[in-house]
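Here's a structure for you.
The values are calculated or read from the model by the stated rules, or taken from the named source; none is laboratory data. What you see is a predicted model, and the numbers here were worked out from it, not measured in a lab. So basically every Cβ, Gly included, is an ideal-geometry build from the backbone, and we count neighbours across all protein chains shown. Note: accessible area is taken over every heavy atom of the protein model, side chains too, but ligands, DNA and RNA are not part of it. Shrake-Rupley method; radii C 1.70, N 1.55, O 1.52, S 1.80 Å.
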Amino acid sequence: MKKKEKILICGLGSIGQRHALNLIKLGYKNLILYREKKVNKLDQRLEKYLVVNKISKAIKEKPLIAFICNTSDKHLSTAIPLAKSNIHLFIEKPVGIQKNNIKSLIKICKNKNIINMVGYMMRFHPAIVLIKKILSDKKNWPFFYFRSEWGEFLPNWHPKENYKKSYAANKKMGGDISLTLSHDLDLAKFFFGKIQKVIKLNQKNNILKINAESIVDYFIYFKNNINGLIHLDYLQKNNSRKWNIVGLNTQILFDYYKNELIFTKKSKTKTYKFKNFNRNKLFLDEIKYFLNCVKNKKKIDHDIEQSYKLLTDFKLLN
């Protein structure tokens with residue numbers, strides 16, 4: 001993709017501004033910024049760029065691609081007119097929360113050959129890439145069980161803001177924990193394929209006093225005879241983010257916060273350290289991948305249609 005092409009950023013919260021700054025870092029400086037109203041303070045490096053407050057004005061600027069980074073409840077109402085205008089789409093997860101509107105967007109993208117991607121940047125983590133490689137080697141099988149846990153304390157995410165007003169705490173804005181922390185749901189399918197059955201357990205508590213679920217567990221049965229458990233919560237003050245994948249002769253342990261992966265096969269154990277891991281590189285790598293797919297007109301695996309299937313598998317759509 002040529003560096004001079006126009007790129008639209010929709011939504012200027014933390015993730016929208018991150019993508020904008022990363023695009024500038026990669027040499028893409030012909031940006032258009034869209035937000036309905038001024039909420040977040042704009043990074044001074046973005047102040048020189050055109051900011052519009054209507055999607056129709058953004059479309060008139062004729063961007064080649066758009067990054068959809070506003071709140072989840074507005075993803076589809078933003079993306080649909082852009083897709084109709086032949087603009088390629090990168091949509092932050094989740095793709096949306098309205099089932100029929102997602103189906104409409106899929107149809108438009110297919111009819112107009114719109115390259116599209118949903119932003120699950122954890123697929124680009126070096127440990128996740130390594131796990132996928134281990135699982136792809138049939139010599140390491142059989143595997144039969146996995147457990148993932150992701151727990152963080154929601155009030156610590158943005159300490160200077162009222163967490164109760166954030167999208168993550170508001171179900172109507174698409175902020176349920178299953179959607180906000182859906183990376184592990186995506187990774188489960190990325191690792192193990194088609195799902196046969198999902199059982200959901202959510203604990204009724206009001207510790208945080210928010211209008212959204214704050215703790216949930218999923219029991220998952222895959223068509224390839226893998227069983228799995230995914231635990232998500234907004235309540236752990238000591239952050240925990242781990243994967244444990246168990247096989248007959250093998251085990252994979254990944255601790256995100258320790259930047260460490262331990263792979264055991266029979267009696268041999270190998271430890272991988274990711275000491276120089278920089279979280280922003282995940283976002284850089286995913287947008288480089290997307291831009292390359294647009295350039296080469298390449299269909300993307302984790303696109304809107306696949307994301308729709310993910311959300312229906314876990315019964316997360318209205």
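So for the stretch 22-33 (the condition being open to solvent by 40 Å² or more (accessible area, probe 1.4 Å), more than 25 Å from D176 (Cβ to Cβ), free of Cβ contacts under 8 Å to residues at least 40 places away in the same chain and part of a helix (DSSP H, G or I)), does at least one residue qualify?
Checked against the condition, which is being open to solvent by 40 Å² or more (accessible area, probe 1.4 Å), more than 25 Å from D176 (Cβ to Cβ), free of Cβ contacts under 8 Å to residues at least 40 places away in the same chain and part of a helix (DSSP H, G or I), the stretch 22-33 yields no hits at all.
Next up: Mind checking which residues of the stretch 58-73 are on the phi < 0 side of the Ramachandran plot, in contact (Cβ under 8 Å) with a residue 12 or more places away in the chain and open to solvent by 30 Å² or more (accessible area, probe 1.4 Å)?
Listed by number, the residues that qualify are I59, E61, L64, N70, T71, D73.
Just for the stretch 209-226: of the residues that are surrounded by fewer than 15 Cβ atoms within 10 Å (Cβ to Cβ) and either modelled with pLDDT of 95 or more or assigned to a loop (DSSP other than H, G, I, E, B) (or both), which one is nearest to the chain's Cα centre (by Cα)? Give the derivation first.
Taking the stretch 209-226 first, the residues surrounded by fewer than 15 Cβ atoms within 10 Å (Cβ to Cβ) are 209, 211, 219, 221, 223-225.
With the extra rule that they be either modelled with pLDDT of 95 or more or assigned to a loop (DSSP other than H, G, I, E, B) (or both), the set shrinks to 209, 219, 221, 223-225.
Details: K209: 25, F219: 21, Y221: 22, K223: 24, N224: 25, N225: 26 Å.
Among residues in the stretch 209-226 that are surrounded by fewer than 15 Cβ atoms within 10 Å (Cβ to Cβ) and either modelled with pLDDT of 95 or more or assigned to a loop (DSSP other than H, G, I, E, B) (or both), the one nearest to the chain's Cα centre (by Cα) is F219.
What tally of residues in the stretch 138-178 results from selecting those that are open to solvent by 10 Å² or more (accessible area, probe 1.4 Å) and either of a type outside the set (A, V, I, L, M, F, W, C) or under 24 Å from K74 (Cα atoms) (or both)?
26
Those residues that are crowded, with 16+ Cβ neighbours inside 10 Å and of a type in the set (D, E, K, R), I need them from the stretch 34-43; list them, please.
Answer for the stretch 34-43, where residues must be crowded, with 16+ Cβ neighbours inside 10 Å and of a type in the set (D, E, K, R): just R35.
Quick check on my filter: what residues within the stretch 139-159 are part of a strand (DSSP E or B) and touching a helix residue (DSSP H, G or I) at 6+ places or on another chain (Cβ under 6 Å)?
Across the stretch 139-159, the qualifying residues are S148, W150.
Starting from residues that are in contact with a strand residue (DSSP E or B) (Cβ under 6 Å, 6 or more places away or on another chain) and farther than 19 Å from A169 by Cβ, keep the ones in the stretch 232-248 and report whichever is most open to solvent (accessible area, probe 1.4 Å).
Across the stretch 232-248, the extreme among qualifying residues is K242.
Select the helices (runs of 4 or more DSSP H) contained entirely in the stretch 45-138, then report the ones holding at least 2 residues which are under 23 Å from L21 (Cβ atoms).
Because the criterion is at least 2 residues that are under 23 Å from L21 (Cβ atoms), the helices (runs of 4 or more DSSP H) in the stretch 45-138 that meet it are 55-60, 75-84.
For the stretch 261-276: of the residues being free of Cβ contacts under 8 Å to residues at least 24 places away in the same chain and assigned to a strand (DSSP E or B), which is nearest to F143 (Cα to Cα)? Before the answer, list the steps.
Residues of the stretch 261-276 free of Cβ contacts under 8 Å to residues at least 24 places away in the same chain: 262, 264, 266-271, 273, 275-276.
Right, trim to assigned to a strand (DSSP E or B) and you get 262, 264, 268-271, 273.
Details: I262: 16, T264: 13, K268: 17, T269: 17, K270: 18, T271: 19, K273: 23 Å.
Among those that are free of Cβ contacts under 8 Å to residues at least 24 places away in the same chain and assigned to a strand (DSSP E or B), it is T264.
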